[in-house]
Amino acid sequence: MADSASLLFNPRTYDPEHFDPETRRLLRATVDWFEARGKRRLIEDYRSRAWLGDFLDFAAREGLFATFLTPASAAGKDDQRWDTARIAALNEIFGFYGLDYWYAWQVTILGLGPVWQSDNAEARARAAELLSQGEVFAFGLSEKTHGADIYSTDMLLTPDGDGGFLASGSKYYIGNGNAAGLVSVFGRRTDVEGPDGYVFFAADSRHEAYRLVKNVVDSSKYVSEFRLADYPVAPADILHTGRAAFDAALNTVNVGKFNLCTASIGICEHAMYEAVTHASNRILYGRPVTAFPHVRRELTDAYVRLVGMKLFSDRAVDYFRSAGPDDRRYLLFNPMTKMKVTTEGEKVIDLMWDVIAAKGFEKDNYFAQAAIEIRGLPKLEGTVHVNLALILKFMRNHLLNPVDYPAVPTRLDAADDAFLFQQGPARGLGSVRFHDWRTAFDAYADVPNVARFREQADALCTFVETAAPDEEQSRDLDLLLAVGQLFALVVHGQLILEQARLTGLDEELLDELFAVLVRDFSAHAVELHGKDSATDDQQSWALGAVRRPVVDADRSTRIWERVEALSGAYEMGQ
């Protein structure tokens, strides 16, 4: 049986021995840099909105970004590759210490996406050299008026008569826009109409025609507004044109938004150590706060939800790394990590905050920072609603039309995930096929709450076959999103079970986790029942899908004991 602390990241004991020596060294060096910096400095930098210069200097000295973010096709050293497993591990560490650090890394990943997808060898070589120098990157897609609606970009490129362009326009909400050695900018030509006019080009934030306007957020993160005024775009700066530029934008987001889930996990882990330690040592009415039944339930729910987040995200890595032209299952699991895992993170923080109450506001704690930062992740790289609508495109094939695939193993090998930059056209989602989700549930049919949840999952299949939204209802996004939440739970449960089988997670913890998922499914079914446009059949189905979890007081007590053991397991030094 795994102890509670071993399932969570703990800097005191962290040793990523499953990675190669250089990856292991860099991950541990990053942890040690933060630990040496100390909690007081970490919080003070967050509160004073200090730019991340010291951190970026550390990353440059160690070659951290260059090692982790240079694909093998552009590598100058043996250890350089694009390896989603170790990228996920670093996301978790950055989230654990502060989202500002993660953000500088995250938008560098986004800025590199169009470059690594490009056939422009000169631009790729320039990017690799900038990475080796410790530079950061930026992704110039969003605009103040249109957001990330790439159909409506107002960044205009006018031909200059010599094979290049002059670019004029503004971009908004662009991370690292103050310091990026290379900004991948999306725009459109003035002389070509329609999709053929799209262009992705590389810009330099230090160029005189690049005008930094401001940081649009009150944070150490520099989320910029910038303007280009007749910025010269040479042929060597062109990354993509036409439909390929459109695809590069979407495929870059496919790569980047996965990182939100593991950052959310890191935030929750640090906050959980603080919350459990505080609650266990807080005396109220002559008893520890943790003696109250509602406190035990809330902290236990928070813990098992966090374990579920980790299991799902770890398994999703395997599908990313094993993806190819004939296996695009990652296109479902990706918005799931962005939408489902990050909203689970909000629930975890809320449950703990209900317990520690006013303590969660104190300026000397990490928790006050975590309570704010956890809110941002569900809102980045597409809202929850956008990603829920996206996963609905996969629902029928996933639930009802499985096909055979070779088993996907755990992917912790030191390999380059080249396909992520060769995804091809960003369309055809409705044709993506999946393996049978029931197999994961069959393996745990004897676990009471897995079996109870399986009843609800089977009921959702019946819903899709007999009571699915008709053509008119399909225009009611409010109703569709309620259906999407139900489907998301089935996918969430499936990958949790797959990872539990691969890691030997004990069934008692799994049972407690699925008791929570049964409650969640019931709550979303009731929500569907109450929708204005729900038909009589849909309302009847919804109430029929409500289930009560299988209660086992002894099991819950034993899981609580694992949570209680987190008290004092980690506290960041001053």
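The values are calculated or read from the model by the stated rules, or taken from the named source; none is laboratory data. Remember, predicted model here, so these are calculated numbers, not experimental data. A quick note on method: Cβ atoms are made from the backbone with ideal geometry, for glycine too, and the neighbour counts reach across all protein chains shown. Keep in mind that these areas ignore ligands, DNA and RNA; they rest on the heavy atoms of the full protein, side chains included. Shrake-Rupley method; radii C 1.70, N 1.55, O 1.52, S 1.80 Å.
Restricting segment 219-236 to residues that are among the hydroxyl-bearing types (S, T, Y) and out of contact with any strand residue (DSSP E or B) (no Cβ under 8 Å at 6 or more places or on another chain), which is surrounded by the fewest Cβ atoms within 10 Å (Cβ to Cβ)?
Of everything passing the filter in segment 219-236, S219 is surrounded by the fewest Cβ atoms within 10 Å (Cβ to Cβ).
Please specify each residue of segment 481-504 satisfying the condition of being open to solvent by 10 Å² or more (accessible area, probe 1.4 Å), among the polar types (S, T, N, Q) and closer than 18 Å to A445 by Cβ.
Q499
Sort through L299, L306, L239 and tell me the only one that's crowded, with 23+ Cβ neighbours inside 10 Å, of a type outside the set (S, T, Y), more than 30 Å from E193 (Cβ to Cβ) and in contact with a Ser or Thr (Cβ under 9 Å, 6 or more places away or on another chain). Reasoning before the result, please.
Details: L306 fails: in contact with a Ser or Thr (Cβ under 9 Å, 6 or more places away or on another chain); L239 fails: more than 30 Å from E193 (Cβ to Cβ).
Being crowded, with 23+ Cβ neighbours inside 10 Å, of a type outside the set (S, T, Y), more than 30 Å from E193 (Cβ to Cβ) and in contact with a Ser or Thr (Cβ under 9 Å, 6 or more places away or on another chain) holds for just one of L299, L306, L239, which is L299.
Working only within segment 131-145, note down all residues that are within 16 Å of G175 (Cβ to Cβ) and either surrounded by fewer than 24 Cβ atoms within 10 Å (Cβ to Cβ) or charged (D, E, K, R) (or both).
Correct list: E135, S142, E143, K144.
Considering only segment 252-269, I want to know if a residue exists there that is open to solvent by 10 Å² or more (accessible area, probe 1.4 Å), at pLDDT 95 or above and not β-branched (V, I, T).
Taking every residue of segment 252-269 in turn, none turns out to be open to solvent by 10 Å² or more (accessible area, probe 1.4 Å), at pLDDT 95 or above and not β-branched (V, I, T).
Looking at (1) open to solvent by 10 Å² or more (accessible area, probe 1.4 Å); (2) in contact with a helix residue (DSSP H, G or I) (Cβ under 6 Å, 6 or more places away or on another chain), which one does A357 not meet, given that it meets all the others?
(2)
Is at least one residue of segment 52-69 assigned to a loop (DSSP other than H, G, I, E, B) and surrounded by fewer than 16 Cβ atoms within 10 Å (Cβ to Cβ)?
Taking segment 52-69 as the starting set, the residues that turn out to be assigned to a loop (DSSP other than H, G, I, E, B) are 52, 63.
Next, only the ones that are surrounded by fewer than 16 Cβ atoms within 10 Å (Cβ to Cβ) stay: none.
No, there is no match, as no residue in segment 52-69 is assigned to a loop (DSSP other than H, G, I, E, B) and surrounded by fewer than 16 Cβ atoms within 10 Å (Cβ to Cβ).
If I filter segment 549-574 down to residues being in contact (Cβ under 8 Å) with a residue 40 or more places away in the chain and charged (D, E, K, R), which single residue comes out as farthest from E507 (Cα to Cα)?
E571
Residues to consider are L509, L412; find the one that is open to solvent by less than 10 Å² (accessible area, probe 1.4 Å) and on the phi < 0 side of the Ramachandran plot.
Working: L412 fails: open to solvent by less than 10 Å² (accessible area, probe 1.4 Å).
Result: L509 is the single residue among L509, L412 that is open to solvent by less than 10 Å² (accessible area, probe 1.4 Å) and on the phi < 0 side of the Ramachandran plot.
So which of V518, V551 ends up being buried (at least 18 other Cβ atoms within 10 Å of the Cβ) and under 25 Å from V304 (Cβ atoms)?
V518
Counting just the residues of segment 394-453 that are in a helix (DSSP H, G or I) and among the hydroxyl-bearing types (S, T, Y), which one comes out farthest from A468 (Cα to Cα)?
For segment 394-453, the residue satisfying everything is T439.
Have a look at R297, R305, R282 and point out the one that is in contact with a helix residue (DSSP H, G or I) (Cβ under 7 Å, 6 or more places away or on another chain), at pLDDT 95 or above and either more than 30 Å from M155 (Cα to Cα) or among the aromatic types (F, W, Y) (or both).
Selected residue: R305, the only one of R297, R305, R282 that is in contact with a helix residue (DSSP H, G or I) (Cβ under 7 Å, 6 or more places away or on another chain), at pLDDT 95 or above and either more than 30 Å from M155 (Cα to Cα) or among the aromatic types (F, W, Y) (or both).
Being over 22 Å from L517 (Cβ atoms) and not in a helix (DSSP H, G or I) is the filter here, so list the residues in segment 320-358 that pass it.
Within segment 320-358, S322, A323, G324, P325, D326, D327, R328 qualify.
Looking only at segment 121-171, which residues are more than 24 Å from V192 (Cα to Cα) and of a type in the set (S, T, Y)?
Listed by number, the list holds a single entry, S132.
Does L543 fit the bill of being surrounded by fewer than 17 Cβ atoms within 10 Å (Cβ to Cβ), more than 27 Å from Y330 (Cα to Cα), of a type in the set (A, V, I, L, M, F, W, C) and at pLDDT 95 or above?
Yes.
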